[in-house]
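Report on the following structure.
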Amino acid sequence: MSKTVELARHLETLRINNMYKTDFYWTWDKTDDEINAVFTVADALRDLRERNKSTKIFNSGLGISLFRDNSTRTRFSFASACNFLGLEEQVLDEKKSQIAHGETVRETANMVSFMADVIGIRDDMYIHQGHEYQKTFMDALEEGYRDGILEQRPTLVNLQCDVDHPTQCMADMLHVIHYFGGVENLKGKKVAMTWAYSPSYGKPLSVPQGVIGLFTRFAMDVTLAHPEGYDVFPEVEEIARKNCEKYGSKFHKTNSMGDAFKDADIVYPKSWAPFQAMEKRSELYVKGDQKGIDELEKQLLAQNAQHKDWTCSEEMMKLTKDGKALYLHCLPADISAFPAPRARLTTPCSTGISCRFTSRLPTSRTSSPL
């Protein structure tokens, strides 16, 4: 019996009927069975790919991608996923569409969706804006489908918003499950989700939020570490705490990277912008004040520079369990910002990946976040 057949039989035991014709915004909106189903299908598709079996379930149709922020890994993984299943990817570039001439989101959403089966949207730079944009887009499609404009309603996949990055965090989680040999082996494992210095730009909060919102569903001991002022959404912290009550997990906060790394089984050093600064950036965005946004960005980088000691070094890794913690990162990792000796890191590493950083150059085997 093939692995895929075994996985398909497992899939039949899960309650997942409500996933049909629904969108995927946040992992915490999905039931345990639904998250299980995503992992099960991912493993089945991997098995089929490794055995050179066709995975195409569509003969035609479009997968629409809309990236309102830069992307490399997620952009290409979405395109690969569409091709993998038999869909043609069509990129919606707002600057090259009639949106640039004033066409509304609601008009555009219906126009591009006549042959679409799935829509992937990234909108992560402005809190209280990214998720709302995705909702506005999909509400327009719901109305178009209800009014008979569309013959079918495409499904949305959140490719990162201001709240969550579900495809990335689920890829990380599935890698963790495989790395430790199964979900049953995750109980009590310590996860250090820590802020880390970056000189590039004020990054979104969605990855650390996605991690604490998902990993606490697996009976793990999750520590969120960051300098003062770099808090995440309090609503997501509350979700993590409720997960602890339900799943027997633990959730801690600290302002010490060292405390978080101590005896950690998994470390996830990742930069993000201060919460209040992100709120200010959103206010400037609503006003259309690009000059103000650019000036704020300089202030963010200056604030980040006050915490250059928040870096994942060999010395920091020695604090982890047996000095051999699994290192996770969504990439790109800003190791080029440091002198070569400081950047050297040799440890298991993932985006759902396994990689080895030596000097400035990583050699990696990457699995896509989709």
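The values are calculated or read from the model by the stated rules, or taken from the named source; none is laboratory data. As the structure is a prediction and not an experimental result, all values here were calculated from the model. A quick note on method: Cβ atoms are made from the backbone with ideal geometry, for glycine too, and the neighbour counts reach across all protein chains shown.
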- Query: Given the conditions (1) under 30 Å from A333 (Cβ atoms); (2) touching a helix residue (DSSP H, G or I) at 6+ places or on another chain (Cβ under 9 Å), and given that S80 satisfies all but one, which numbered condition is not satisfied?
  - Reply: (2)
- Task: Scan (1) in a helix (DSSP H, G or I); (2) touching a helix residue (DSSP H, G or I) at 6+ places or on another chain (Cβ under 9 Å); (3) without any contact (Cβ under 8 Å) to a residue 60 or more places away in the chain for the single condition L214 breaks and write down its number.
- Result: (3)
- Message: Being crowded, with 19+ Cβ neighbours inside 10 Å, touching a strand residue (DSSP E or B) at 6+ places or on another chain (Cβ under 6 Å) and within 26 Å of Q209 (Cα to Cα) is true for just one of S65, S77. Which residue is that?
- Response: S65
- Residues in the range 131-153: is at least one closer than 25 Å to S71 by Cβ and small (G, A, S)? yes
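If I ask for residues that are more than 14 Å from L66 (Cβ to Cβ) and either modelled with pLDDT under 95 or not acidic (D, E) (or both), which ones from the range 85-97 would you list?
L85, G86, L87
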- Go through (1) farther than 17 Å from L156 by Cβ; (2) surrounded by 23 or more Cβ atoms within 10 Å (Cβ to Cβ); (3) in contact with a strand residue (DSSP E or B) (Cβ under 9 Å, 6 or more places away or on another chain) and name the single condition S60 misses. (2)
- Note on the structure: The condition from (1) assigned to a helix (DSSP H, G or I); (2) surrounded by 13 or more Cβ atoms within 10 Å (Cβ to Cβ) that R49 misses is numbered (2)
- Would the range 339-349 turn up any residue that is part of a helix (DSSP H, G or I), at pLDDT 55 or above and touching a strand residue (DSSP E or B) at 6+ places or on another chain (Cβ under 8 Å)? no
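Identify, please: which residue in the range 231-242 is touching a residue at least 60 places away in the same chain (Cβ under 8 Å) and in a helix (DSSP H, G or I) and is, among those, nearest to the chain's Cα centre (by Cα)?
Here the answer is V236.
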- Message: Considering only the range 221-230, I want to know if a residue exists there that is among the small types (G, A, S), in a loop (DSSP other than H, G, I, E, B), modelled with pLDDT of 95 or more and more than 22 Å from R122 (Cα to Cα).
- Response: no
- Message: Can you go through Y126, Y145, Y179, Y133 and tell me which one is free of Cβ contacts under 8 Å to residues at least 60 places away in the same chain and not hydrophobic (A, V, I, L, M, F, W, C)?
- Response: Y145
- Would you confirm whether any residue within the range 269-287 is of a type in the set (A, V, I, L, M, F, W, C), without any contact (Cβ under 8 Å) to a residue 40 or more places away in the chain, closer than 26 Å to M170 by Cβ and surrounded by fewer than 24 Cβ atoms within 10 Å (Cβ to Cβ)? no
- Taking helices (runs of 4 or more DSSP H) that do not extend beyond the range 93-197, which have at least 2 residues that are surrounded by fewer than 23 Cβ atoms within 10 Å (Cβ to Cβ) and touching a Gly at 6+ places or on another chain (Cβ under 7 Å)? 166-179
- Message: I'm trying to understand the selection: among the residues of the range 76-92, which are assigned to a helix (DSSP H, G or I) and in contact (Cβ under 8 Å) with a residue 12 or more places away in the chain?
- Response: F76, S77, F78, A79, S80, A81, C82, F84, L85
- Restrict the check to the range 145-154 and report whether at least one residue is touching a helix residue (DSSP H, G or I) at 6+ places or on another chain (Cβ under 9 Å) and charged (D, E, K, R). yes
- Message: Whether any residue in the range 147-167 is touching a Lys or Arg at 6+ places or on another chain (Cβ under 6 Å), under 30 Å from T311 (Cβ atoms) and modelled with pLDDT of 95 or more is what I want to check.
- Response: yes
- Message: Of everything in the range 244-257, what is in a helix (DSSP H, G or I) and either without any contact (Cβ under 8 Å) to a residue 60 or more places away in the chain or in contact with a Leu (Cβ under 6 Å, 6 or more places away or on another chain) (or both)? Give them in sequence order.
- Response: C244, E245, K246, Y247
